[in-house]
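Written out below as structure tokens is the structure these notes cover.
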Amino acid sequence: MKKNPTPAQSAADLDAMLAGALGKTTAAPEDTPQAEAADTHPDASAARRSGYVAIVGKPNVGKSTLLNALVGQKISITSRKAQTTRHRITGMRTVGATQFVFVDTPGFQTRHGNALNRSLNKTVLGAVSDVDVVVFVVEAGHFNLADAKVLDLLPRDVPVLLVANKFDLVHRRAELAPWLRSMQERHPFAEFVPMSAKNPRDIQRFFAICAQHLPEQDWLFDADTLTDKSERFMAAEMIREKLFRLTGDELPYTSTVVIDLFVEEGRLKRIAATIVVERDGHKGMVIGDKGEKLKRIGTEARQELEKLWDCKVFLELWVKVKSGWADDEARVRSFGYE
Ligand SMILES: Nc1nc2c(ncn2[C@@H]2O[C@H](COP(=O)(O)OP(=O)(O)OP(=O)(O)O)[C@@H](O)[C@H]2O)c(=O)[nH]1
Ligand SMILES: [Mg+2]
């Protein structure tokens, strides 16, 4: 029988382990405001802080899952397949006196130098160039060449927090201490945060740790701003998520979604979109038997958008073949990539 992962440890256990492993603790000060209390009651006595926090790492380590948990809403799509995120996605969250502007980035690509991958890497480099804090996400207990390549890109003059994510999957916690020490030698990380992006308590703890590294300055956005991305963009992304999740591994990452029509009619948003694939064979995979796969992609994307916007959505989907688009710089740009 498959052994269940050990439940996540308490913040105190984690701090004790870190103190043992690194001779330091990342525990937040006792008086750091907690998210629940602070979201609705800004602490007037504390000085305001705000800043940009870039979330970077190799593909599939959980960057977007972390962003969504921090923002408290699903704004960045996630899947078990690598290369899910393809854009710089900004999500804001104001906690007490501190406003975090989180920036999710594509997983840094180390293979296949096509136009799409070059564009993804350009997006990562752009995102780390002008931020206050960098969150470098790895899988707890793992560090390989793909992680090292991302670490090489990181600026030396801003605090880098190491998030050792998917901590819930680590069975032998004792082995994490030497791993953490080895990570300490790789970069002068400002903090070491073993955590699970799926554990709400770890997320609360992360706010407190991260806030200490943001500058004292006024907020950059209204407290209730969620993202800087348009509704058209969110629609295309939710469709792409369902495409990624509902088609098998055989459908390559070189598919994308283009919004052809987006109109608001009172409480209804009417959307028509095209799923662009590389080959005729891929078209069949997306459409499925008697159109059943395409129908499911449409239904699930529509439900997700209705939840996000709290309104009715009418969604019409088409599939088109445009071979070689991911190799073609001009076409990659025309599909909205940088
Ligand atoms: N067990 C576990 N799984 C996680 C955790 N965080 C993320 N995942 C899973 O890891 C997979 C990848 O998550 P994403 O958030 O899409 O990863 P990403 O780093 O944004 O991936 P790219 O955008 O492709 O670079 C998904 O199946 C998530 O559910 C975690 O803390 N624990
Ligand atoms: Mg992602």
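Bear in mind these aren't lab numbers, they're just calculated from the coordinates by the rules spelled out. Bear in mind that the values here come from a model prediction, so they are computed numbers and not experimental data. No Cβ is skipped: glycine too gets one built from the backbone with ideal geometry, and neighbour counts run over all protein chains shown.
Computed over segment 231-334, the Cα gyration tensor eigenvalues convert (square root of 5λ each) into semi-axes of 23, 16, 11 Å, ordered from largest to smallest.
Shape analysis of the chain based on the Cα gyration tensor places the equivalent ellipsoid semi-axes at 35, 24, 19 Å, largest first.
Counting charges near residue 321 (Lys, Arg +1; Asp, Glu -1) among other residues having Cβ under 10 Å from its Cβ returns a value of +2.
In the chain, the DSSP beta bridges split such that about 35 percent are antiparallel, to the nearest 5. At full extension, residue 265 and residue 175 could sit 26.7 nm farther apart than now, given 0.36 nm per residue minus the alpha carbon distance. For the set 58/242; 198/293; 198/295; 242/307, the pairs lying more than 18 angstrom apart at their alpha carbons are 58/242; 198/293; 198/295. Each distinct pair of alpha carbons in segment 51-120 adds a 1/r term; the inverse of their mean, the Kirkwood radius, is 12.6 Å. Going from the residue with the fewest nearby Cβ atoms within 10 Å to the one with the most, 311, 210 rank 311, 210. Here's the list of aspartates and glutamates a cross-link from residue 229 could span, going by alpha-carbon distance under 20 Å and ignoring same-chain residues fewer than 8 apart: 104, 130, 237, 241, 260, 264, 304, 306, 310, 338.
Using a Gaussian network model of the chain in which every pair of alpha carbons under 10 angstrom is joined by a spring, one finds that among 67, 125, 261 the greatest mean-square fluctuation is at 261. With the convex hull of the Cα atoms taken as the outline of segment 11-211, the averaged projected area works out to 10.9 nm². Pick from 132, 147, 249: which residue has the top mean-square fluctuation in a GNM of the chain where Cα pairs under 10 Å get a spring? Highest fluctuation among the options: 249. The HN-Hα couplings worked out from phi for segment 278-288 by the Karplus form 6.51 cos²θ - 1.76 cosθ + 1.60 (θ = phi - 60°) are 8, 9, 3, x, 5, 4, x, 5, 6, 6, x Hz, whole numbers, x standing for Gly and Pro. Listed values for segment 174-183 are Karplus-derived 3J(HN,Hα) couplings in whole Hz (6.51 cos²θ - 1.76 cosθ + 1.60, θ = phi - 60°), namely 4, 6, 6, 4, x, 5, 4, 5, 5, 5, and x replaces Gly and Pro.
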